[in-house]
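The values are calculated or read from the model by the stated rules, or taken from the named source; none is laboratory data. Since this is a predicted model, take the numbers as computed values, not measurements. All Cβ positions, even for glycine, are placed from backbone atoms using ideal geometry, and neighbour counts span all protein chains on display. Ligands, DNA and RNA are excluded from the accessible area calculation, which covers all protein heavy atoms including side chains. Shrake-Rupley method; radii C 1.70, N 1.55, O 1.52, S 1.80 Å.
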Amino acid sequence: MLQEFLSYYELNIDPSKQDKTLVAVSGGIDSVVLCHLYKAAELPFAIAHCNFKLRGEDSDKDEQFVKKLAEQLNVSFYCTHFETTTYARQHKISIQVAARNLRYAWLEQIRKEKKFDFLATAHHLNDSVETMLHNLIRSCGIRGLHGISAKSNHLVRPLLFVQKKEIVAYTKQNKIVFREDASNASTKYTRNFIRRKIIPLLEEINPSFIESSGNTIERIRQTEFVYLEAIENFKQQYCKIKDNLLIIDLKHLT
C-alpha cells in the first residue's frame, strides 16, 4: 500500500512531497493508518486530536492513545477539548454537525498558527461512495455525485485511492494498533445505516460495488469538469454584469 500511497500523493496532493501536513487523528483505524503511511513515506507531518467529551472515559482514552502514537512516531501533537453537547444545544444543531463544525474550525486554526501547508483527513474510497449515496438519497445535482475530492484548497484526503478492507488488511500485516469507536456500529445515523445496511445489500448484487462506484465517481467528476468549463465559456462570451444585473446577449444564441 505504501507505494500506491506515494503515487497517489504525488499525483493528487503534493508533487514535491515537501509541504508540512497536519493530520487529523481520532485514534480509529483509518487515521492511525494514515499516520503510519506518512511516517513510512518520510513525509513531514504532525498529529491533531479533538476530544469531544461525548463518550466519557473512552474519549479520554482516545486522547491518551493518540498522544502516545505521536510520541511513538516522534511527531508534534496538538489537542483540544470541546463541550460538544452544550455547543449543539446553544446553536440548535445536531451533535454530529456540532462536532464537525468545532473540529474543522479548530484544525484550520492550528494549521494557520503553526504554518502547516495542508490539513489531512483519513477519508477513503468507501467514504466517498457513501457520500455519493447519501447525496443521491437526499436529491442532488451533479456536484453531489462526485464523491469526496482528494484536494480542496488546504484540505487533503490522501487515502481516497484505497478501500476500507485494504486498510484493515494493512493493519493486520503491519500489526498496527488502533482504537475502536462503538458508535460506528450504530445505525441510527444515516451514514452508518448506508455503510452497514445498504452497501452490503448492493455488494450482494455486485461484490465489486465499491470499486465500480469509485470508477463511476471519477467519470462523474470528469463530466462535471467539462460541464462547468462549458458554463464558464458561455458566461465569458454571452454574459456581463451591469448595474448589479446579469445581462445575457440573446441575439448570439439564435
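Hey, how many Å between the Cα centroid of segment 12-26 and the Cα centroid of segment 109-153?
Each part reduced to its Cα centre gives a spacing of 15 Å.
Taking each pair of distinct Cα atoms in segment 106-254 once, what is the resulting Kirkwood hydrodynamic radius in Å? Walk me through the numbers before you get to the answer.
Numbers: mean 1/r = 0.0533 Å⁻¹.
Mean inverse Cα-Cα distance, inverted, gives 18.8 Å.
Can you give the helix-only mean residue ellipticity at 222 nm for the chain, where every DSSP H stretch with n ≥ 4 adds -39500 (n - 2.57) and the sum goes over all residues, rounded to the nearest 500 deg cm²/dmol? Let's see the in-between values first.
Numbers: 10 runs with 133 residues, N = 254.
Calculated mean residue ellipticity at 222 nm is -16500 deg cm²/dmol.
Over segment 142-254, with the other protein chains present, what is the accessible area per residue in square angstrom, probe 1.4 angstrom? Kindly include the intermediate steps, with their values, before the conclusion.
On the way: 8090 Å² over 113 residues.
Accessible area per residue: 72 Å².
Report, in listed order, any pair from K92/K235; K115/K188; K68/K115; K17/K165; K115/K240 with a Cα-Cα distance greater than 28 Å. Walk me through the numbers before you get to the answer.
On the way: K92/K235 39 Å; K115/K188 38 Å; K68/K115 23 Å; K17/K165 26 Å; K115/K240 39 Å.
In this structure, K92/K235; K115/K188; K115/K240 exceed 28 Å between Cα atoms.
Can you send over the carbon and sulfur percentage of the accessible area for the chain, probe radius 1.4 Å, protein chains only? Please report the intermediate quantities before stating the final value.
Working: 7720 of 15200 Å².
Carbon plus sulfur share of accessible area: 51 percent.
Taking the Cα-to-Cβ direction at I248 and at D117 and moving 7 Å from each Cα, how far apart do the two end points lie in nm?
4.3
At most 15 other Cβ atoms within 10 Å and a DSSP loop assignment: could you name the GluC sites (Glu not before Pro) in segment 138-246 that fit?
Working: sites: E166, E180, E203, E204, E211, E218, E224, E229, E232; in loops: E180.
Here the sparse-neighbourhood loop sites are E180.
Starting from the Kirkwood Rh over alpha-carbon pairs, what translational D in µm² s⁻¹ does segment 143-188 have by Stokes-Einstein at 10 °C and 1.306 mPa s? Kindly include the intermediate steps, with their values, before the conclusion.
Working: Rh = 13.5 Å.
It comes out at roughly 118 µm²/s.
Check F45: other-chain or 5+ apart residues with amide H under 5 Å from its amide H, H built from backbone geometry?
Close amide H contacts, sequence-distant or interchain: T21.
So with the 1.4 Å probe, I'd like the accessible area per residue for segment 1-77, rounded to whole Å².
Values: 3590 Å² over 77 residues.
Averaged over the residues of segment 1-77, the accessible area is 47 Å².
Calculate the FRET efficiency for E232 and I176 from the Cβ-Cβ distance with a Förster distance of 51 Å, rounded to the nearest 0.05. Can you show the working numbers first?
Details: r = 45 Å, r/R0 = 0.88.
Calculated value: 0.70.
Have a look at the chain and give its Rg and Dmax from the Cα atoms, expressed in angstrom.
Cα only, the chain: 20.8, 69 Å (Rg, Dmax).
Reachable aspartates and glutamates from K39, Cα under 13 Å, same-chain residues fewer than 8 places away excluded?
Those aspartates and glutamates meeting the cut-off are E71.
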